[in-house]
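Below is one structure, written out as structure tokens; the observations come after it.
The values are calculated or read from the model by the stated rules, or taken from the named source; none is laboratory data. Remember, predicted model here, so these are calculated numbers, not experimental data. A quick note on method: Cβ atoms are made from the backbone with ideal geometry, for glycine too, and the neighbour counts reach across all protein chains shown. SASA here: full protein model, heavy atoms, side chains in, ligands and nucleic acids out. Shrake-Rupley method; radii C 1.70, N 1.55, O 1.52, S 1.80 Å.
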Amino acid sequence: MLEKTLLIIKPDGVKKKLIGKIISRIEKEGFNILNIKFLKLSIEEAKEFYKIHEGKDFYSSLCEFMASGPIVVILLEGENCQRRLRELVGATDPTKAAKGTIRKEFGSSIQENVVHAANPEENVEREIKFFFPEIVI
Ligand code: CMP
């Protein structure tokens with residue numbers, strides 16, 4: 001099924017100068033890039049984006065981290081790309097992520113795990129609309 005999904009290179013990924021490497025990996029895996037934005041979230045925007053995690057012990061720290069520096073937001077399209085991107089990104093905790101995944105290679109902690117991939121079990125459309133309100137899904 002041809003579908004869209006969202007990838008975020010988090011502040012740690014930008015600080016570690018991984019933008020080029022991650023985009024190159026995405027292209028090599030055959031995803032089509034439809035749009036890219038480079039921006040910095042306010043604390044309020046980070047709280048809104050991650051509101052599904054409100055109440056969890058890591059929520060405040062996560063929102064502060066996500067607002068701590070610029071991020072790169074990438075809109076992708078491809079066959080079954082929602083599941084394929086999650087596989088490429090790997091488990092949340094880099095120490096538990098499979099070999100060859102982006103988080104295994106570059107992540108430094110469960111919070112500073114370099115990238116976020118929209119989760120098909122949550123709401124991919126909401127996440128895409130958050131950053132690309134102009135996009136028709
Ligand atoms: P992400 O896939 O963006 O979704 C929620 C984020 O919360 C996660 O990646 C991590 O950056 C962060 N996080 C911090 N601690 C935890 C935790 N214990 N479990 C899940 N996510 C965490």
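Couple of notes before you dig in:
- In terms of the mean number of neighbouring beta-carbon atoms within 10 Å, the peptides 8-16, 106-114 order highest first as 8-16, 106-114.
- In this label model, TYR59 and GLU45 are separated by 2.1 nm, measuring between points 7 Å along each Cα→Cβ vector.
- For the range 1-22, backbone nitrogen atoms closer than 18 Å to the point 7 Å from ILE33 Cα along Cα-to-C-beta are found at 4-22.
- Projecting the Cα atoms of HIS116, GLY20, HIS53 onto the dipole axis of the chain, where Lys and Arg carry +1 and Asp and Glu carry -1 at the beta carbon, places GLY20 farthest toward the positive end.
- Within the range 42-89, chymotrypsin sites (Phe, Trp or Tyr not before Pro) in DSSP loop having at most 13 other beta-carbon neighbours inside 10 Å: PHE58
- Accessible area of HIS53 in the full protein assembly, 1.4 Å probe (Å², nearest 10): 40
- Amide H partners (placed H, <5 Å) of ASN35, local residues excluded: LEU75
- Gyration tensor (alpha-carbon) shape descriptor, the range 16-98, a/c threshold 1.5: prolate
- Once the chain from PHE130 to LYS16 is taken as fully extended at 0.36 nm per residue, the excess over their C-alpha distance is 38.5 nm.
- Rounded accessible area per residue of the chain, 1.4 Å, Å²: 53
- Placing +1 on each Lys and Arg Cβ and -1 on each Asp and Glu Cβ, with no other charges, gives the range 7-117 a dipole about its Cα centre of roughly 400 debye.
- Computed with the Debye formula from one identical point scatterer per Cα of the range 13-63, without solvent, the log10 of I(q)/I(0) at q = 0.21, 0.23 Å⁻¹ comes to -0.89, -0.92.
- For the range 35-43, the Karplus equation 6.51 cos²θ - 1.76 cosθ + 1.60, evaluated at θ = phi - 60°, returns couplings of 6, 9, 10, 10, 7, 10, 7, 7, 4 Hz by residue, with Gly and Pro reported as x.
- Calculated [θ] (222 nm, deg cm²/dmol) that DSSP helices of n ≥ 4 give over the chain, each run adding -39,500 (n - 2.57): -10000 deg cm²/dmol
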